[in-house]
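See below for the structure under consideration.
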Amino acid sequence: MWPPVASGVTRLGVRVRGPPLRRCVRLVPQDGDMGGFFAALIRKVKPLRGPSPTSEGVSTAMKAPGASAIVPRAMAIGGLVGGVPRPPLEHRYVPAPEEVLDALTREWGGGGGGDAMREMCACLFTRSTSCRRVTYLSPGIKKMCVDAIGAERLKCVWSGVRVWEKRDDVRGGGGGGGGGGGGGAFPYRLTKEGAVVLARHAGDARRLLMPVRDVKQLLRDLGADVPLKAFTPAVANAARAMTPGSVLCELKKVGGGSDDACPPLAVELTPEGTLRVEWRYRKGLEGAPKAAAAAILRKLDANSRDGGY
């Protein structure tokens, strides 16, 4: 659980044998709102035995005795895992439908972000035929786990960042209610973790730069509907010019631009003219959003005391 600070020697001076575990990471469930993991970065120091993989070689391997009779049907329904066919899209990331990508580009590419959104769309994937969730895979992961030769045989349990989810199919609870996409809101809701990724690609049409006072107002009333009149006039007027739906909010830096003291926030603009921070969580982690908001508020307060704002 607590690896040696030096190779083979514990903090108490006891010598132990084994690899240098200080180069590994143990992730306990409460650190990232997830299951526990033991992570190690492994470097390949020499080529694997055998010839380098080619498309012809992969085709030959998949037509080997015992698999040839099942290949055509298996490839049609989702590929092979150990020579056994799997259900459609199981453990597979497939490109999001063109109509969904076009809608996301229109919604978030306004205000000078069209080219960046189209670049992002090349890395957007889904795992269901109904496209309930849209996940962003970095170009490197996409190259190795999606585009590489034989990638269809890879069992990818989890990858990427979930950026959007359908309003009529949101799993788990959330502060402040919410529900479906009524009032003409865009059918996809921006997620908390997706806001950080989207901030690098979206235009300014659905982006709000907020002073620290307004950001604190949102986070103190986490999950509650805050009327626009409670914000500074510039922010309130900019919000009134937007249609209902998800909005990307960033902390405004003194002198222009955004401030890193607070990550980009996914905020809901309601048809009634209110703003609401609506962070989703898994069952059993009801306190996680409040803890995250409290941590950001403490950092903002510390910066205020130090004269940063």
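Of note:
- Hey, Glu119 farther than 17 Å from Val197 by Cα, charged (D, E, K, R) and surrounded by fewer than 16 Cβ atoms within 10 Å (Cβ to Cβ) or not: no
- Considering the range 200-234, and only residues there that are among the aliphatic types (A, V, I, L, M) and more than 18 Å from Pro263 (Cα to Cα), the residue that is nearest to the chain's Cα centre (by Cα) turns out to be Ala205.
- Output for the range 103-130, where each listed residue is charged (D, E, K, R) and at pLDDT 95 or above: none
- Leading residue by the ranking (surrounded by the most Cβ atoms within 10 Å (Cβ to Cβ)) among those in the range 125-153 that are touching a residue at least 40 places away in the same chain (Cβ under 8 Å) and more than 21 Å from Tyr188 (Cβ to Cβ): Val146
- Arg133 vs. criteria at pLDDT 80 or above and not polar (S, T, N, Q): yes
- The residues of the range 191-208 that are open to solvent by less than 10 Å² (accessible area, probe 1.4 Å) and assigned to a strand (DSSP E or B) amount to a single one, Leu208.
The values are calculated or read from the model by the stated rules, or taken from the named source; none is laboratory data. Since the model is a prediction, treat every value here as computed from it, not as a measurement. Counting neighbours? That spans all protein chains shown, and the Cβs are built from the backbone with ideal geometry, glycine included. To get the accessible areas, we keep the full protein, side chains included, count just its heavy atoms, and leave off ligands, DNA and RNA. Shrake-Rupley method; radii C 1.70, N 1.55, O 1.52, S 1.80 Å.
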